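Written below as structure tokens is the structure these notes are about.
Quick note: the coordinates plus some simple rules give every number you see, no bench work behind them. It should be emphasised that the depicted structure is a prediction, and the values quoted were computed from it without experimental measurement. Backbone-built Cβ (ideal geometry, glycine too); neighbour counts: all protein chains shown.
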Amino acid sequence: MKLRLTQRAAVSLGHSDIARFLGRARRWRCNLLKRAGHEAGRGNVVTAAVLVAVYVVAL
């Protein structure tokens, strides 16, 4: 929800490139969490951070 509001504010201020970047960053983060075994957009943020850290270390 906050990200959408930020994107809308960026577009209304004439910064569509920033809004586009925020959307891409969100999709990238969700895809990374999915590959790490976490259901993106659900669950505990701490759990997601730990899973991402374990995934990065495993690389």
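What to note about this one:
- Prolate/oblate/rounded call for the range 1-40, Cα gyration tensor, a/c under 1.5 rounded: oblate
- Distance between modelled label sites at Ser12 and Val54, nm, 7 Å Cα→Cβ extension: 4.2 nm
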